[in-house]
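The values are calculated or read from the model by the stated rules, or taken from the named source; none is laboratory data. Nothing here was measured: the structure is a model prediction, and the numbers come from that model. No Cβ is skipped: glycine too gets one built from the backbone with ideal geometry, and neighbour counts run over all protein chains shown. The protein model used for the area step is the full one, side chains on, heavy atoms only, and it has no ligands, DNA or RNA in it. Shrake-Rupley method; radii C 1.70, N 1.55, O 1.52, S 1.80 Å.
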Amino acid sequence: ELKVEQNPLFLSMQEGKNYTIYCNYSTTSDRLYWYRQDPGKSLESLFVLLSNGAVKQEGRLMASLDTKARLSTLHITAAVHDLSATYFCAVGAQKLVFGQGTRLTINP
Amino acid sequence: DSGVTQTPKHLITATGQRVTLRCSPRSGDLSVYWYQQSLDQGLQFLIQYYNGEERAKGNILERFSAQQFPDLHSELNLSSLELGDSALYFCASRVGIKGGGETQYFGPGTRLLVL
């Protein structure tokens, strides 16, 4: 059974700092997704990573995938308050298996 | 805006009751996925339909059922409701993205509260 684990689950950081969220998954998959969710809202698709070594960047967020290590990272550069949200990684070709989510709070 | 619509936005009902949640995928999308998000279980896949046919089943209770109609909208039926069914229910449709690959676009969700 595919399991997806994120860490940390909670992250409080200051504006301007860098940090990384980690996503490990238990069985081979060639697709990994990152989503953002604001409180009480839906999930917004951020990145789709399709192959080993894939790296995608959008603004202050950069995601990468290492299929051999079964690990994806979401790196936040020079955090700003607007990035405060819960971030989920998910794995799967059809049905998605989600991690627990990382609640990110960025303080001024 | 993902283009996926869900109604109603909020639903409050009592234990033992039955409710129907509705989802319309993005125009032209044939697939519908249903997910449940709760505090204790997190985000869980329930069921997938593609062009009217059930394609995959996840952790969906026997009290829950779904269908996809010829116009591609889908309904998730929840019966004999229990307190633990209180959750956010999302539907999603799968779309191709620039650069290759696909992702799932999620609707706004239906927040169900069972009292």
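Note on residue A:81 and residue A:103: the model spin-label points, each 7 Å out from Cα along the C-beta direction, lie 1.9 nm apart. Accessible surface of chain B, 1.4 Å probe: 47 percent of it comes from carbon and sulfur atoms.
Could you calculate the FRET efficiency of residue B:5 with residue A:44 from 1/(1 + (r/R0)^6), where r is the beta carbon distance between them and R0 is 22 Å, rounded to 0.05? Intermediate values should be presented prior to the final figure.
On the way: r = 16 Å, r/R0 = 0.73.
Efficiency for this residue pair is about 0.85.
The accessible area of residue B:5, taken with all protein chains in place and a 1.4 Å probe, comes to roughly 80 Å². With the charge dipole of the protein assembly as shown set up from +1 on Lys and Arg Cβ and -1 on Asp and Glu Cβ about the Cα centre, the Cα lying farthest toward the positive end among the listed residues A:34, A:13, A:46 is that of A:13. Placing unit charges on the Cβ atoms of the charged side chains and taking the dipole of chain A about its Cα centre, the candidate lying farthest along the positive direction among A:24, A:105, A:73 is A:24. A loss of 10 Å² or more of accessible area (1.4 Å probe, protein heavy atoms, ligands and nucleic acids excluded) relative to the isolated chain is seen in these residues of the stretch B:77-100: B:88, B:90, B:94, B:97, B:100. Each label point was placed 7 Å from the Cα along the Cα-to-Cβ direction; for residue A:93 and residue A:18 their separation is 3.6 nm. Note on residue B:39 and residue B:115: the model spin-label points, each 7 Å out from Cα along the C-beta direction, lie 1.7 nm apart.
Magnitude of the charge dipole for the stretch B:59-115, about its Cα centre and with charges confined to Cβ atoms of Lys, Arg (+1) and Asp, Glu (-1), is about 240 debye. Note on the protein assembly as shown: Kirkwood radius taken over Cα pairs, Stokes-Einstein applied at 4 °C and 1.567 mPa s, translational D equal to 72 µm² s⁻¹.
How big is the dipole moment of the stretch B:1-58 about its Cα centre under a simple scheme where the beta carbon of each Lys and Arg is +1, that of each Asp and Glu is -1, and everything else is neutral? Debye, nearest 20, please.
Numbers: 6 positive and 5 negative charges, 29 e Å.
Using only the charged Cβ atoms, the result is roughly 140 debye.
Candidates B:38, B:19, A:93 compared by Cα position along the dipole of the protein assembly as shown: farthest toward the positive end lies A:93, with charges placed on Cβ. Taking each of A:17/A:68; A:17/B:9; A:3/A:41; A:41/A:95 in turn, the alpha-carbon distance tops 27 angstrom for A:17/A:68; A:17/B:9. Basic side chains Lys and Arg get +1 at the Cβ, acidic Asp and Glu get -1 at the Cβ, and with that the dipole of the stretch B:1-104 about its Cα centre reaches some 140 debye.
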